[in-house]
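So the structure is just underneath, and the comments pick up after that.
The values are calculated or read from the model by the stated rules, or taken from the named source; none is laboratory data. Keep in mind that what you see is a predicted model, and the values were worked out from it rather than measured. Methodologically, a virtual Cβ is constructed for each residue, glycine included, from the backbone with ideal geometry; neighbour enumeration extends over all protein chains shown. Calculation scope for accessible area: heavy atoms of the full protein, side chains included, ligands and nucleic acids excluded. Shrake-Rupley method; radii C 1.70, N 1.55, O 1.52, S 1.80 Å.
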Amino acid sequence: MKLIGIVGSAAEVSTNRQLLNFIKKQYKKEFTLELVEIKDFPLFNQEEDQTHSPAIQRLNRQLLMADGVIIATPEHNHTVTAGLKSLLEWLSFKIHPLENKPVMIVGASYYDQGTSRAQLHLRQILDAPGVNALVMPGNEFLLGKAKEAFDEAGDLIDARTVAFLDATINSFLQFIKVVSALAGPKQLPPEDLYATGKIATTVEGVDMYDDQWLEKAAEAVGAVSGNTYVKLNRGLLTVDQINYFLDSMPMELTFADSNNQFLYYNLREEAQNMLAARVPGQVGNPLAKCHPEKSFKNVEWVIQQLRSGATDAVRVHVPKQVPEKYIVHNYQAMHDENGEYAGINEYILDFKPIIEWYLQQTGQKLVGNEDAISSASVHQEPTDAVTSASTHDAPAADAVTSASVK
């Protein structure tokens with residue numbers, strides 16, 4: 001279970017941050033808790049709309065994919081902090097990621113009453129039109145005298161307080177399950193694996209299925225090549241130098257854009273010698289053309305996870321009849337300067353030489369089986385190699401066929 005914890009204080013030293021960190025550590029077996037800091041967001045001003053800024057869009061994706069949210073609020077002048085209120089304004093202005101999201105409120109204060117009045121106000125805010133969060137009813141965790149509540153390790157000292165927090169957390173986890181059961185499984189938008197849409201960088205007028213797509217598309221847009229310089233964000237290289245650089249990478253690289261079009265791979269080896277076979281004629285193809293139809297659901301699942309922000313990376317061990325290798329497909333979400341999803345960076349490599357070099361350098365040994373590396377199992381979600389395109393002649397080489405599905 002994945003939860004988001006919002007620190008309701010912008011202070012560098014905050015007992016509410018301490019409380020969330022304790023919850024993160026104390027209940028790590030029950031859920032993962034990712035902390036969000038309100039100080040990382042601009043003050044709300046609808047005349048300077050920053051809904052699509054990278055920070056707010058990232059939080060939007062995090063909240064949409066989270067199972068629940070814990071907000072730790074201090075109490076300033078009998079209410080929540082200005083920073084927390086401002087963040088909730090952004091999350092109810094044009095986007096509504098907290099709608100029908102299970103939320104639990106906690107709070108720490110230097111005084112006896114905890115944050116009771118701030119929590120009451122926060123409940124009212126979360127119930128407002130545009131927010132519409134589902135706040136867990138009938139439970140309040142109010143940590144008073146918070147300065148003396150934690151030991152040097154950041155743990156709550158009082159056993160009765162921990163016991164009450166245990167009961168509150170357990171109630172919240174049950175509340176999440178009830179809400180999830182009523183709402184049903186999360187439905188992410190389907191992926192267009194045939195790349196029928198258009199994005200800003202789509203090359204129109206060239207058939208995506210044409211084996212000469214690269215040459216024709218390059219001519220259509222006047223693409224530069226050779227010793228023409230390209231100004232990068234941290235460098236100045238010629239096109240030739242960029243190719244040398246990418247082809248020298250000790251891994252197979254592939255790029256598919258946000259329209260699910262396969263646009264690039266680094267030609268390090270001929271197809272028959274690659275970890276995931278590809279041929280030049282596949283560049284420009286939609287992803288549907290790069291995989292057998294039986295693998296479409298797995299391909300779609302991986303893209304959905306990356307596009308939605310459920311995760312920034314998916315890793316898959318793809319077994320092959322090569323016992324001396326441990327081949328891993330890594331799918332990394334790419335984002336533009338505004339934080340919008342820009343496609344997938346897939347890199348494939350044999351992990352075994354890296355592990356062996358590490359063991360040799362450190363003098364450590366793997367425990368378990370004699371050949372722990374080649375026989376190691378990897379815990380993974382249902383997935384498959386998104387852009388591990390098989391050659392036109394050898395569809396069996398596609399890494400998708402070895403992917404498992406829950």
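Here are the numbers for the structure shown:
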read-out: Ile125 more than 14 Å from Ile70 (Cα to Cα) and in contact with a Leu (Cβ under 7 Å, 6 or more places away or on another chain); value: yes
read-out: Selection status of Phe141, within 30 Å of Lys186 (Cα to Cα) and open to solvent by 20 Å² or more (accessible area, probe 1.4 Å); value: no
read-out: So Asp336, is it more than 18 Å from Gln261 (Cα to Cα) and either at pLDDT below 95 or not hydrophobic (A, V, I, L, M, F, W, C) (or both); value: no
read-out: Boolean, Phe255 is closer than 19 Å to Leu193 by Cα, at pLDDT 95 or above and hydrophobic (A, V, I, L, M, F, W, C); value: yes
read-out: Unmet criterion (only one of (1) surrounded by fewer than 16 Cβ atoms within 10 Å (Cβ to Cβ); (2) of a type outside the set (Lys, Arg); (3) over 24 Å from Asp127 (Cβ atoms); (4) touching a helix residue (DSSP H, G or I) at 6+ places or on another chain (Cβ under 8 Å)) for Gln26; value: (1)
read-out: Residue in the stretch 157-176 that is open to solvent by less than 40 Å² (accessible area, probe 1.4 Å), touching a residue at least 60 places away in the same chain (Cβ under 8 Å) and in a loop (DSSP other than H, G, I, E, B) present; value: no
read-out: The listed residue being without any contact (Cβ under 8 Å) to a residue 24 or more places away in the chain, over 29 Å from Leu98 (Cα atoms) and open to solvent by 80 Å² or more (accessible area, probe 1.4 Å), out of Asp207, Asp151; value: Asp207
read-out: Residues of the stretch 77-122 satisfying the condition of being assigned to a helix (DSSP H, G or I), among the charged types (D, E, K, R) and over 18 Å from Ile4 (Cβ atoms); value: Arg117
read-out: Residues located in the stretch 140-156, provided they are part of a loop (DSSP other than H, G, I, E, B) and either in contact with a helix residue (DSSP H, G or I) (Cβ under 9 Å, 6 or more places away or on another chain) or among the hydrophobic types (A, V, I, L, M, F, W, C) (or both); value: Glu140, Ala149, Ala153, Gly154, Asp155
read-out: Close pairs from the stretch 41-67: first outside the structural domain of Gly339 (by the TED database), partner among the acidic types (Asp, Glu), Cβ under 7 Å, at least 6 apart; value: Phe44/Glu89; Ala55/Asp40; Gln57/Glu340; Gln62/Glu34
read-out: Filter result (surrounded by 15 or more Cβ atoms within 10 Å (Cβ to Cβ) and within 22 Å of the chain's Cα centre (by Cα)) within the stretch 177-194; value: Ser180, Leu188, Glu191, Asp192, Leu193
